[in-house]
Amino acid sequence: MDTQSTIALWSAITFFGNWKFIVALTLITMSVLWKKGRAREAFVFGASLFAAEVATLSLKFLAHHPRPLDALVPVEDPYSFPSGHSMIAVAFYGMFATFLFRAWPHMPWRRVAVFAVLASIILLVGVSRVVLGVHYPQDVLAGYAVGAFFWIIFYAISPRFSSSEKKKFN
């Protein structure tokens, strides 16, 4: 595979952690929850992702850690720590998996499949950031940690905001 094909492949993978793409998915997810009578969960979902993004931007501002000099693609901001793509991937896909797991309590194969797909996306987004030369491995690991923190917070508080009348996502 030539360099341009490699860059195109990893850029396509990194798109799954792009904040614009995640915002669109978040709005769709929140709309579906709202229409299913789960407005409080929609709010918690959106608020958790917003808080995670604010935390990442704050950490980037505080750390002022420069990006690698050999980036293969253009970047939006000059700071690399933590990886926002990795953080938002863990936070969004983790929260989304939580909804699906709760909706499918007696469907272990669906749960395994969802976990495998979403975990692969999270892992590949992080790897793509390093391969494209826009992050150091520790940036990605820190992004995973920040994203996991907000996913855990969401997981802990979301049942308290669940609508009692509708528990199914489908």
Practice task
Return the total of residues in region 107-134 being open to solvent by less than 60 Å² (accessible area, probe 1.4 Å) and farther than 17 Å from A8 by Cα.
Solution key: 7
Exercise for the section: Tally the residues that are part of a helix (DSSP H, G or I) and open to solvent by less than 10 Å² (accessible area, probe 1.4 Å), restricting the search to region 64-87. Expected result: 2
Fill in the blank from the handout: Reported set for region 76-127 where residues are of a type in the set (S, T, N, Q) and either within 24 Å of T6 (Cβ to Cβ) or within 11 Å of the chain's Cα centre (by Cα) (or both) is S80, S83, S86, S120
Problem - Residues within region 15-63 that are modelled with pLDDT under 90 and part of a loop (DSSP other than H, G, I, E, B), tallied - result: 3
Practice task
Tell me which residues, restricted to region 88-106, are assigned to a helix (DSSP H, G or I) and open to solvent by 40 Å² or more (accessible area, probe 1.4 Å).
Solution key: F96, F101, R102
Problem - Qualifying positions in region 1-36 - surrounded by 13 or more Cβ atoms within 10 Å (Cβ to Cβ) and either of a type in the set (K, R) or farther than 24 Å from V127 by Cα (or both) - result: T29, M30, V32, L33, W34, K36
Problem - Residue check, T98 over 18 Å from W19 (Cβ atoms), touching a helix residue (DSSP H, G or I) at 6+ places or on another chain (Cβ under 6 Å) and of a type in the set (S, T, N, Q) - result: yes
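The values are calculated or read from the model by the stated rules, or taken from the named source; none is laboratory data. It should be emphasised that the depicted structure is a prediction, and the values quoted were computed from it without experimental measurement. Every residue, glycine as well, gets a Cβ built from its backbone with ideal geometry; the counts of neighbours run over all protein chains shown. Side chains included, ligands, DNA and RNA excluded: accessible areas come from the protein's heavy atoms. Shrake-Rupley method; radii C 1.70, N 1.55, O 1.52, S 1.80 Å.
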